[in-house]
Structures are given as structure tokens and as C-alpha cells.
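The next block holds one structure in the form of C-alpha cells; read it before the comments.
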Amino acid sequence: MASWPTVAPLIARAGRALVVEALRAWVDERRGTPEVASEAACVQWCVTRLDLFLKPSQRRVFNLTGTVLHTNLGRAVLAEEAIAAAVEAMRSPTTLEYDLEGGARGERDDHIAPWLCRLTGAEAATAVNNNAAAVLLVLSELAAGREVIVSRGELIEIGGAFRIPDIMARAGCRLVEVGTTNRTHLKDYAAVIGPDTAAIMKVHPSNYAIQGFTKAVAAAELVPLAREKGVVLIEDLGSGTLADLETWGLPREPTAREAIAAGVDVVTFSGDKLLGGPQAGLLVGRKPLIQRIARNPMKRALRLDKVRLAALEATLRLYADPGRLAERLPTIRSLARPAAEICAVAERLLPAVQAALGHDATASVAEVRGQIGSGALPVDLLPSFAIAIKAKRLDRIADRFRRLPIPVIGRISDGTLYFDLRTLDDEPAFAAQLDKLHVVAG
Ligand SMILES: *Cc1c(COP(=O)(O)O)cnc(C)c1O
């Protein structure tokens, strides 16, 4: 069978091993079937199977969920500058750990640390695989075998099994909880500091808000206490932006610079949340502490590769020119996109979407509220516009959009399928595939 002339093009496309696997599967499938199959039928069957083999598993999609930084959809979309830097690093050897001037070994952190220090005001900086790794590393270097104090209002779980108490245990620390769920006072922290206390940790309550009768102690208020008692003050900022989001009319998020200015000893935050870069965990703070963290053997296991470091360096460089960030950084561009502009996109696309849906469903333009996502303020607050679809079998319509060549992911709520257009950055590609909506199986 593998020598049939009609099979040769399949081998050219997919390689002999996969074609043989497909042919075997066909034979297995037909075992016990009496009628004789044609060569053409066999080849056709194999083509379908090979298409499945060759289709990439991780694919580009349109994120029209209304959540700009969607963890399941890969969080931040990178800037062109970061993409170009990453591509170049992938293609060639680089100065990853090489000092060109001295012709000797260099440090991989040297590519990003000066930028992080400039942008946050910190003395030193380092980077690891993600913020979860950054938290694990800082705790295990600075507090293993000792106590770390955390407010009960900040014992968070963020998705994917990252829970502060578990991370503490993994890092070999003893968690000391203080205060209550809704209220924690400075005196609560002061009361439990003892000879075994290594650190106080503040955690940004990323994905929930405690409202009403509440009290939390700001990092700035904890600084004098930590200094007096000789314990380290750590703050996990989660999203931790490097820019002042209010510039673009967005809600305030704590910046890493503010935490450093307040006197926090080590601040950790993510690279692919509000920062808009590749997945990374960034640690900034006092030099002796960052040096210890960077020398921890676990740092070697959690370090970044040259591709992400290249993308991160290019992303950080964009922050040197905040005036152009909204133009160059897709995360900020999406977040700052005016509602009127999004409304215009919705109105432009509506006729084509309705035409593609036919009589199965009705589409209209709806005012909606989106989210930043990934632990920035967990409330719906980005005024936006969506194409809203109503139909009897809404799940089938959603399924058909997901089966398009570039799958379209929306959000169903209150019996309506919403496609929030804030994050639609390629309108022509979206429109061009709508005519396939009626042919994709639903
Ligand atoms: C998101 C988040 C983390 C984990 O960051 P990753 O980069 O996803 O590993 C840790 N802490 C807080 C407060 C967060 O919001």
C-alpha cells in the first residue's frame, strides 16, 4: 500500500512513518468488513487522518471573551519589537551568557536587570520562569525553615493550584496567619513577630475583592515594623504594572516602583500580565537579597531561556518611552482602546456576522463590560461593545465559531453569546472566514 502511486504525495507531505501509521489504522478499522475497498477510499481516509496528525495542537485563536489577559488563551500578546527579538534569538547563537567586551562569561540577568532597575527604582533584579516560581524562590532562599507572616485576607488561591499556604509549605516555610478575613491591623503583625520570624509577606488579592468593613495594612506601613524587628518585607504584586495605568483612564493598579519606593525589600510580579511581555517572574529589590536569590540552586532550575529573555528585554525597553506604549504594546493598546472605536468595529462587522448566521440566529450590537484579567482588578469594568447573538441552540453556534480556521472564542451569559471586540486586532482575518461558518459542522 505504501508503494501505491497515490500514496507518494502523502509521504512527501507527512513523512513515511505517519503515512504507514495511518494505513495500518485503516486496515485495523476495516478488519472483518467483507466488501473490498478502493484504493481511492483508502487514500481519502488516510488524508483525513493525516490532516489531524499535522494540525498544530496549539493554535492561534481570536480571544473575544472580553478578558484581555486570558490565562487559558496565553495572556499577553507580544509587541512586534519583542517578537522580532525573540525570532532573532531563536535563529542564532547569542550573547546570552557572554560578555562581548571582555570576551568572557557573562550573566543572563544582565540583559534585563538594568532595565528593571531603571523602571522600578530597585537596586537589583533577576527573573525566573513565572511569578509562582519567583514567590517559591524568594521564600525558599530567605525564609526556609522559619516563619513568614501573612494576613488572612491575603491567603489567596489563583488558578492552577497556586495557593499561598501550599507554596509556603513547598518552600519549607511555616506560615503564620494574622488578622481576620476582612480586617488585619499593624498590631496583628507586631504581635506575632518572634525570633523565628524571617519575613512578612504582602500578597496582592488578585482575583477577588473584599468589600465593606475591611482593613488591610499597606506595605508602606509595614516597613518600619519590618526594619525594627530585622525581618524581610516581601510583596507579591501579581500583575504589578510598570506604567501608571491611570494615564489611559484605567483603574489604578499598584506599580513595582511604588512598592520599592515604599521600602519593600523584595517585590515579585509576572511578565505576561499587565506588563505585556512573555511569561516570566520578575524579582526586584535590595541588592544583597537579590544576589542571594540569584545564587540559589533553584534559580538554575527556574531560569529563563534566551528566547524569552530577548522578548522580555525588548518589552522592557518599550517602557522607556511611556508616551508610545499604547501604540506599541498590544496589552496597553487593547486596554486603552476607546469604547467608541470598539463600537464602530461592531457596527462594521454586524451585517457580515448576521449574513453568515442566516436564519439560525439573530445578532446585534450590545454594550458590555470586559475585564483586564489575570489578577488585575477582578471586576467587570472595561466599557466595551460586543456582537451579541441569540439563538435556540446557542452552544451549537458557539461551537461553529470555535471550528473556524482561526477559532473564535466568545463568552455565553444570560442566554446570549457575546463576542467582545476590544481585543479584535485583525478585523480582515475575522471577516474573511465568516463565510465558512455555514459549512463547518456544528
Ligand atoms: C498571577 C499571580 C501569581 C502567579 O503568577 P504566574 O506568573 O502566573 O506564575 C502569583 N501571585 C499573584 C498575586 C498573582 O496574581
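The numbers here are math on the coordinates, done by the rules we state, and not lab data. None of these values were measured; they are calculated from a predicted model. Every residue, glycine as well, gets a Cβ built from its backbone with ideal geometry; the counts of neighbours run over all protein chains shown.
Things to note:
- Ordering 320, 401, 92 by the projection of their Cα atoms onto the charge dipole of the chain, which places +1 on the Cβ of Lys and Arg and -1 on the Cβ of Asp and Glu, puts 401 at the extreme positive end.
- Each of residue 110 and residue 8 was given a label point 7 Å from its Cα along the Cα-to-Cβ line. The distance between the two points is 5.6 nm.
- Judged by the ratio a/c of the largest to the smallest principal axis of the C-alpha gyration tensor, the chain counts as prolate, that ratio being 1.5 or greater while a/b is larger than b/c.
- From largest to smallest, the equivalent ellipsoid semi-axes obtained for segment 50-122 from the alpha-carbon gyration tensor read 34, 21, 9 Å.
- Two-site label geometry, residue 100 and residue 261: point separation in nm, points 7 Å out along Cα→Cβ: 3.5
- The alpha carbons of segment 144-256 occupy a box of 46, 33, 29 Å along the principal axes, longest dimension given first.
- Charge dipole of segment 80-326 (Cα centre as origin; +1 on each Lys and Arg Cβ, -1 on each Asp and Glu Cβ, all else neutral): 520 debye, rounded to the nearest 20.
- Karplus (6.51, -1.76, 1.60) ³J(HN,Hα), θ = phi - 60°, over segment 247-259, in Hz, Gly and Pro reported as x: 3, 9, x, 9, x, 5, 10, x, 9, 4, 4, 4, 5
- Helix 339-357 and the longest principal axis of the C-alpha atoms of the chain enclose an angle of approximately 20°.
- 0 to 90° range, to nearest 10: angle between helix 39-54 axis and the chain longest Cα axis: 10
- Largest GNM mean-square fluctuation among 167, 156, 11, using the chain with Cα springs under 10 Å: 11.
- Taking Cβ atoms as reference points and 14 Å as the exclusive limit, the residues near residue 438 contribute a net charge of +1, counting Lys and Arg as +1 and Asp and Glu as -1.
- Working note: 222 nm ellipticity from helices only, DSSP H runs with n ≥ 4, each -39,500 (n - 2.57), summed and divided by the residues of the chain, gives -11500 deg cm²/dmol to the nearest 500.
- Between the Cα long axis of helix 131-143 and the first principal axis of the chain there is an angle of about 30°, rounded to the nearest 10.
- Taken about its Cα centre, the chain carries a charge dipole of about 740 debye when Lys and Arg each add +1 at the Cβ and Asp and Glu each add -1 at the Cβ.
- Gyration tensor (Cα) of segment 325-442, equivalent ellipsoid semi-axes in angstrom: 25, 16, 13
- Extension gain (nm, one decimal) between residue 35 and residue 183, 0.36 nm per residue minus Cα-Cα: 45.7 nm
- Each other residue within a Cβ distance under 12 Å of residue 140 adds +1 if Lys or Arg and -1 if Asp or Glu, for a net charge of +3.
- Label positions at residue 59 and residue 91, each projected 7 Å from the Cα along the C-beta direction, are separated by 2.8 nm.
- Coordinate range of the alpha-carbon atoms in segment 5-54 per principal axis, descending: 31, 19, 15 Å.
- Lys/Arg +1, Asp/Glu -1 at C-beta; segment 1-62 dipole; positive extreme among 11, 26, 38: 11
- Space enclosed by the convex hull of the alpha-carbon atoms of segment 190-261, per residue, Å³: 115
- Whole-Å semi-axes of segment 80-326's equivalent ellipsoid (Cα gyration tensor): 31, 21, 16
- Basic side chains Lys and Arg get +1 at the Cβ, acidic Asp and Glu get -1 at the Cβ, and with that the dipole of segment 5-54 about its Cα centre reaches some 140 debye.
- In sequence order, segment 167-175 has phi-based couplings of 4, 4, 5, 4, 7, x, 9, 9, 7 Hz under the Karplus curve 6.51 cos²θ - 1.76 cosθ + 1.60, θ = phi - 60°, and Gly or Pro positions carry x.
- Fluctuation leader among 419, 213, 53 - the chain, Gaussian network, Cα springs under 10 angstrom: 53
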